[in-house]
Amino acid sequence: MSDANRASSNDDVSASASASGGRGNDSNETKNASYSFIRATTTRLASSSAFIVFVTCVLSVLIDRMTPVRSSAVSDHREAFAERRARVHARTLESGGARATGTPSEWSAFAYVDTTLTDALRPVSLSNATTVERARRTHDGFAGGSWRTTYGGIASLGARIRSARAQREGWEEHAVVLSVHIDTVHASVGGSDNGANVATALETTRALAQRLARVGGDAMCDVEARRCAAVIVMFSTAEEEGLAGAHGLVRTHEWFSDAKVRVQLVLNLESMGAGGPHRLFQARADSDIARRALRAWARHAPRAIGTVLSEDIFNSGVINSGTDFAIFRRYGDVPAILDFAFVERTSVYHTPRDRVKYMRPGSLQHSGENILEFMAYIVAHGGFESETNDERAARPMSWYTIPGYGMVTHDSPRVDSHVVFLAVPLLTLATIIYRTHVGEFFTSRTLSAEETVAHMENTFRALVTTPLVLLGSALAWITAVFVAAAAPVICAYTSAEPNLYISRPLGLIALSGSASFIAFIVTQKFTAKLTFALVPLSEKMKLSDQAWRITEWSLLIGQVVVWGLAASQTTRAGIGSSYAPLLWLVFPTSIAIAPALLTWFGARSRDYDMPSPPSGTKIALSIAAPLWITSPSALLLLRVLQGVGSRVPVDDEAIYLYDGIAGAVIGGFTAMTTSLFAPSLVTSKDDPHQWLRAVKFAGGVLACALVYTLSFMRGAGAQWTTLAPQPLVLTHIVRASSQSAHIVIARAGASTLRGVESVLRENPTVLDSLSMECSANATFDISTAIARGACVVSGNNLYDEMVVTGSIPPSFGEVRSVGRSRRVEISVGDGRRWSVSADKRCVERVAVLSVEIDAPTDEDWVVIDPYERGRATRVILNGVGGDSSARTKFTLWYQPRASTNSSCSEAVRLRADYTARTPSIAKIDVALPKWAVPFGKHLSPQWLALYETLDVS
């Protein structure tokens, strides 16, 4: 070759190399640009998914909380419910003070209701087409079971509207009862509980009477069925005293046993907060009539709202409370019962802050419109037809609210179908893993030796991967809930203040939500790594991202299996709340998951490349409906549990229990919303650090929540506010026989008294003639309970202050033996409220009877189970009297255990409670900080408590 040709060749090579190098640079730039584009796209998708979830949650909660606003023209119509008129009644009742059973303020409230009810019923009273009956009764009896309440002189006031034609023709009559209680605890004026509901009942009765006067009594009848409706409005008392008033109604009131006018439905109006929508939170749905009533409520109440989830939680015992619903269901022959309650601002429940002014405008309008229109519907249809043999009545029923739409009701799945909800997702997961790891299920081709070894290895991989994915999916939930519960407990424990976030739910949501999110994502990332490692090498070597798709699909279906397990177990348990996991199971699988997998499952090709998993946006859209329905319930549950935790007695070992429960609720909700997003977040090949950025962001939120906690928790009691006050048991307790008197300030629930003690000690007017001893380990026996960590106030004049009130102490008579049993006459003084407590370690059984009864029967005895460590040490029997006719003398029967000792010297205690406020109680009450208030509850002592003890050793 010549030099010229050689040079030409070199130039060509150089040019070729230069061109090749240029193409390489262009390729790298293109890859970088593609990577940047993919990263930006995934970031936008993640942001859009988070935005969809956030907007869905916020809007659903806001719409769920809406209350109606009526124009004055509509509200002033005489046949319409008007909140303006109802609030007048509520404020009038509130102005009379606390309406404890048997007190003059309660009698005044009954007088006001009587007068107002007379005016409300005047239109139908003057009509020839309707008849109005009035009944004012007193009731005596004993409510057994867990209540163990003796009652006497308990008042009730009722009115019954009937069709005159039904009485003339002898037609069948079915009554709907509107039931409310008038009484309050001694420490509350009862603006919402239950003055607002009394006002709602009065205004509803007035509007309904106006309608009936216009349309006539024949409009209350179904002429073809020869059936008419009747309306009963019932005002009772002693609901706060072991539900004694409702027991007296169903046991002794003639209207509840009238065969001519059978009670078919009870609408019970209650409150455990202050205002907001009046929610249906319990319903009897175990009969054909009950199911029809529930469906009718959902269809014909203009703003029906509620969820069966609240009933299931209430029945679980997490919320230690009860309403007249329990009595109507257990003792009353009532086919259908609907129980309603206000559940906003639950921290003011049973405190002086339960005022009408704290109820949001529209709260009473919401309640009254629903009750009025529903009752009008029942009346117009002559009640419900008689019971039919509907086999579905034995099945549980689901009912819940779709914000913006209304309430829906449907039968829950059959119990025997629960296997399907778990089996289908589990089979889907197993199929995906087997086909991607092993291949075809059946093959006629003979495998070579190498293929046989590979087949066995891949089969082993599949057998390991399936339980690994299931375990990792379940562990992500468990870890998220545990961490979410632990975070507020640790913060509360560090500050030594339970209920740390009682007035700052957003801080709790940020703390527990971010902690649970981090735990869930990290657990899923660890599972993803192990799952990816078990993917066969042949799948990893493919040019596509097949291995990552297999991993993501495995984790995604693993989460679906968790939802299937939840749906299966709730269905198997036969509870109505099974609708919640079913929503989360059905919507995402049918919208986002099943369409992508069906084509792949149906493919006959041996190429089993997995389809692309659904995008984050598609997942977000598929869970929008479940989120829309369940978000308000989750937030409501959180606020209710926070309020309950501040007033439910707990042992020192469990003082941070409700901090943990509230955190667990947030953790569960966070896991719900994260579960179907997490697989794509931790398996992204294009953006492998996406999960880490999400965790870092959540870590920043967690850090901010911790800084926020430290900033507001600078002093004891800093978590309490005016509308989220610390509830306290404040009582002047006296043992008359020894002239021993103290004032006890005890925590009502999970809290400490450090802040209260500090404020009282800084007030010179409080302790000028008194001394106060507060100790975290101190205890004081208040008969019905042991007050732990209480502040005990002593003074020379405390006994004299009791004497000035004129209150008569309780007393024991002479003890007499009757076989193994003992009998002793007891006097409860002139108190309207009393209790007998018996130590389980010393007494085997106990009974309280009228003095005229010679001996108790087997039904009269309350058998006491042996004491178990960690459980309550006493059994309580209590009593309440409504007026001067109530008994004050009884016979106490008890049988000591075979082995008793000196510790049984005060095994039986008798306490009488009074609403009289001594000067020292009034002084301490006024000196309490604005964020601490007296609290009242069944069995807790009133302002003044006098007690005596009995030696059974």
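Placing +1 on the Cβ of every Lys and Arg and -1 on the Cβ of every Asp and Glu, with nothing else charged, gives the chain a dipole about its Cα centre of roughly 980 debye. For the chain, the longest principal axis of the C-alpha atoms and the axis of helix 288-300 are separated by about 70°. Between region 343-377 and region 512-542, the alpha-carbon centres lie 49 Å apart. Would you kindly find the accessible area of residue 56, with a 1.4 Å probe and non-protein molecules such as ligands, DNA and RNA excluded, rounding to the nearest 10 Å²? So the heavy atoms of residue 56 present about 20 Å² to solvent.
Once C-alpha pairs closer than 8 Å and six or more residues apart are averaged by separation and normalised to the residue number of the chain, the relative contact order reads 13 percent. A Förster radius of 25 Å, combined with the Cβ-Cβ distance separating residue 765 from residue 803, puts the computed FRET efficiency at roughly 0.60.
With each label modelled as a point 7 angstrom along the Cα→C-beta vector, the residue 315-residue 416 pair spans 2.2 nm. Between residue 902 and residue 739, the FRET efficiency estimated from the beta carbon spacing at R0 = 22 angstrom works out to 0.40. Annotation: extensible slack from residue 652 through residue 506 equals 49.9 nm (criterion: 0.36 nm per residue apart, minus Cα-Cα distance). Given the C-alpha centroids of region 817-837 and region 553-586, what is the distance between them in whole angstrom? Result: 53 Å between the Cα centres.
For residue 542, give me every one of the lysines with a C-alpha distance below 16 angstrom, ignoring sequence neighbours fewer than eight places off in its own chain. Output for residue 542: 685. Loop-resident trypsin sites (Lys or Arg not before Pro) (DSSP state other than H, G, I, E or B) in region 667-744 with no more than 11 further Cβ atoms inside 10 Å of their Cβ: 714. Enclosing the Cα atoms of region 83-410 in their convex hull gives a volume equal to 125 cubic angstrom per residue.
Surface composition of region 725-952: carbon plus sulfur atoms contribute 46% of the solvent-accessible area (1.4 Å probe, protein chains only, all chains present). Where only DSSP H runs of four or more residues are counted, the chain gives -15000 deg cm²/dmol as its mean residue ellipticity at 222 nm, each run worth -39500 (n - 2.57). Residue 146 contributes an accessible area of around 90 Å² to the protein surface, as traced by a 1.4 Å probe with all chains present.
Placing unit charges on the Cβ atoms of the charged side chains and taking the dipole of the chain about its Cα centre, the candidate lying farthest along the positive direction among 746, 636, 943 is 636.
Taken about its Cα centre, region 83-410 carries a charge dipole of about 700 debye when Lys and Arg each add +1 at the Cβ and Asp and Glu each add -1 at the Cβ. Partner lysines whose Cα lies under 30 Å from the Cα of residue 889, excluding those fewer than 8 positions away in the same chain, are identified as 840, 937.
Under a 5 Å amide H cut-off, with hydrogens placed 1.01 Å from N, residue 747 pairs with 729 among residues at least 5 apart or on other chains.
Angle of helix 449-495 to the longest C-alpha principal axis of the chain, folded into 0 to 90 degrees and rounded to 10: 40°.
Within a straight-line Cα-Cα reach of under 23 Å, residue 930 can be paired with the following lysines, leaving aside sequence neighbours fewer than 8 residues apart in one chain: 357. Calculated from the structure at hand, Kirkwood radius over Cα pairs in Å is found among [x] 36.6; [y] 33.8; [z] 31.7 as [z]. If the segment from residue 868 to residue 478 were pulled out straight at 0.36 nm per residue, it would be longer than the present Cα-Cα gap by 137.4 nm. Spin-label model, residue 861 to residue 703: label points 7 Å out along the Cα-to-beta-carbon direction sit 6.8 nm apart. By the Cβ distance rule (another cysteine Cβ under 4.7 Å), the unpaired cysteines of the chain are 57, 491, 704.
Of the GluC sites (Glu not before Pro) found in region 832-861, the ones in coil according to DSSP and having at most 12 other Cβ atoms within 10 Å of their Cβ are 852, 859.
Placing one equal scatterer on every Cα of region 218-259 and applying the Debye formula, the log10 ratio I(q)/I(0) at q = 0.14, 0.16, 0.19, 0.21 Å⁻¹ is -0.49, -0.57, -0.68, -0.74. The distance separating the Cα centre of region 873-937 from that of region 608-634 comes to 55 Å.
Between 0 and 90 degrees, the angle of helix 546-573 with respect to the longest Cα principal axis of the chain falls at about 20 degrees.
Counted residue by residue at 0.36 nm each, then reduced by the alpha carbon distance between them, the extension gain from residue 569 to residue 225 reaches 119.6 nm.
The values are calculated or read from the model by the stated rules, or taken from the named source; none is laboratory data. All of these numbers come straight from a predicted model, not from anything done at the bench. Methodologically, a virtual Cβ is constructed for each residue, glycine included, from the backbone with ideal geometry; neighbour enumeration extends over all protein chains shown. We work out accessible area using only protein heavy atoms, side chains counted, and drop any ligands, DNA or RNA first. Shrake-Rupley method; radii C 1.70, N 1.55, O 1.52, S 1.80 Å.
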